[in-house]
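All remarks here apply to the structure that follows.
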């Protein structure tokens, strides 16, 4: 350890800096795509989970339990290595022509995170007292309208902090995509380490990016809690 | 469907999935996954207790220090923590460090941060009157914490601890990256050897993880109900 020569220029300029930068770009791209899809899918699953039709509810319940209780890494491997046997040939051909590593990572992250998001949305809706719905109904709103105007606007405000935390988790989890060769931030940090033996500098740079990102988002959520949610609860 | 699914590959390798090369070689597979999870869980409980108590200390510097540690660890992906350990431990210890221990250390550090939040919430859930009563009977603040507050707080924390254990089981799959032959690594090995059964193999281990994790998730829910009823 004592003989180690620090050389920060490796990660602040030149080729290796560009590698890290392109890694960050891929991380952001992967995360954003998966965030949009997982939110939409999570919303659908949450609605299904609260549906009145039993089979639909059971399906959503099974979905939630299965994907939440399986490691993300295994899911990534399943979609990347194993999906070709259960998909139609047409889709396989198309996938092979495109950037399949990225696609498999998006699918795995989307499905995994959607299960967590669905639960957050559901508990947000459930946290609104039942009397609100009854009051809305008795003052003449239809079920859909009372959801639209009374329940959901409140539920969304309560659900935002846990949702943002899930998005943050997703961004951190996207580092697992390196195992199937998606060249995101962690992958590039590893590359820089193996090319230059400057692991300390490379890992510090990548860690710094993740930590700064997460601290900014955490601060935003705390601020939101204080300014929007606390007055709501006090009422 | 291009080819039918053929699960015989699972049965021919079933002992390898469960215990690796165990009687003749190192422990692996599901057994190693559980071993890693249990050891790291115990260690991170201790680490979490320590960090959590630091977080409610009266000393400002200690409190800030624990907040800083928490924010750094929670801001990092677990994979990054594993790489740090893989890279730093040999440099600090001098020489080789067993990969299993690298992973156990990384999981412990990572999970301690989350455990500490559980400890903090559990301790803060105990009414202040308890501490005050303990102090007024002449106990030292530390004694009040150890004999009065923690034993009550710990009971409320049990369901969250079990949930954390479930996350830990899932997280051990990352040990694959440094070549520890736990379940996921064993699966990739078998997949590399047999080549044409990835769907069957990864589906099988997903089900195995699911069964183990779901059992513990259900246990945690049951405990939560029972403990709530007791109070």
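Once the Cα-Cα distance is subtracted from the 0.36 nm per residue extended length, the residue B:87 to residue B:38 segment shows a gain of 15.3 nm. Put simply, the C-alpha atoms of the protein assembly as shown give a gyration tensor, and the ellipsoid matching it has half-axes of 35, 32, 25 Å, longest first.
The calculated FRET efficiency for residue B:121 paired with residue A:21, based on their beta-carbon distance and R0 = 30 Å, is about 0.15.
Inter-chain Cβ neighbour count for A:75-87, averaged per residue, equals 6 (cutoff 10 Å, partner chain atoms only). The gain in end-to-end length when the residue B:14 to residue B:46 segment is fully stretched comes to 8.0 nm, 0.36 nm per residue minus the alpha carbon separation. How much FRET efficiency would the formula 1/(1 + (r/R0)^6) give for residue A:57 and residue A:97, where r is the Cβ-Cβ distance and R0 is 51 Å, rounded to 0.05? Taking R0 as 51 Å, the efficiency between residue A:57 and residue A:97 is 0.85.
Put a dot 7 Å past the Cα of residue B:21, heading toward its Cβ, do the same for residue A:90, and the two dots end up 4.8 nm apart. Counting Cβ atoms of other protein chains within 10 Å of each residue's Cβ and taking the mean over peptide B:143-150 gives 0. Over all directions, the projected convex hull of the C-alpha atoms in region B:140-209 averages 6.7 nm² in area. For region A:184-235, the C-alpha radius of gyration divided by 2.2 N^0.38 Å, with N the number of residues, is 1.83. If you plug the beta carbon distance of residue B:7 and residue B:135 into 1/(1 + (r/R0)^6) with R0 = 60 Å, you get a FRET efficiency near 0.45. The mean number of Cβ atoms from other chains found within 10 Å of a Cβ in peptide B:65-71 is 1, as a whole number.
Helices in chain B, meaning DSSP H runs of at least 4 residues, each add -39500 (n - 2.57). Divided by all residues, the mean residue ellipticity at 222 nm is -25000 deg cm²/dmol. When the Cα gyration tensor is reduced to axis lengths a ≥ b ≥ c, the ratio a/c is 1.5 or higher for region A:9-234, and with a/b not above b/c it is classed as oblate.
In terms of its C-alpha gyration tensor, region B:77-231 has an oblate overall shape, because the principal axis ratio a/c (a ≥ b ≥ c, square roots of the eigenvalues) is not below 1.5 and a/b does not outweigh b/c. As a proxy for reagent exposure, B:214, A:16, A:4 were ordered by neighbouring Cβ count within 10 angstrom, fewest first; the result is A:4, B:214, A:16. Of the residues A:15, A:172, the one with the fewest other Cβ atoms within 10 Å heads the list, and the complete ranking is A:15, A:172. Counting neighbouring Cβ atoms within 10 Å and putting the fewest first, the residues B:142, A:94 line up as B:142, A:94. Label point of residue A:65 set 7 angstrom out along Cα-Cβ; within region B:197-227, amide nitrogens under 17 Å from it belong to B:206-225.
How large is the helix-only mean residue ellipticity at 222 nm for chain A, computed as the sum of -39500 (n - 2.57) over DSSP H runs with n ≥ 4, divided by its residue count, in deg cm²/dmol to the nearest 500?
Details: 12 runs with 175 residues, N = 235.
It comes out at -24000 deg cm²/dmol, rounded to the nearest 500.
Where a number appears in this text, it was derived from the coordinates with a stated rule and is not lab data. Nothing here was measured: the structure is a model prediction, and the numbers come from that model. Note that we place each Cβ from the backbone using ideal geometry, even for glycine, and neighbour counts take in every protein chain shown.
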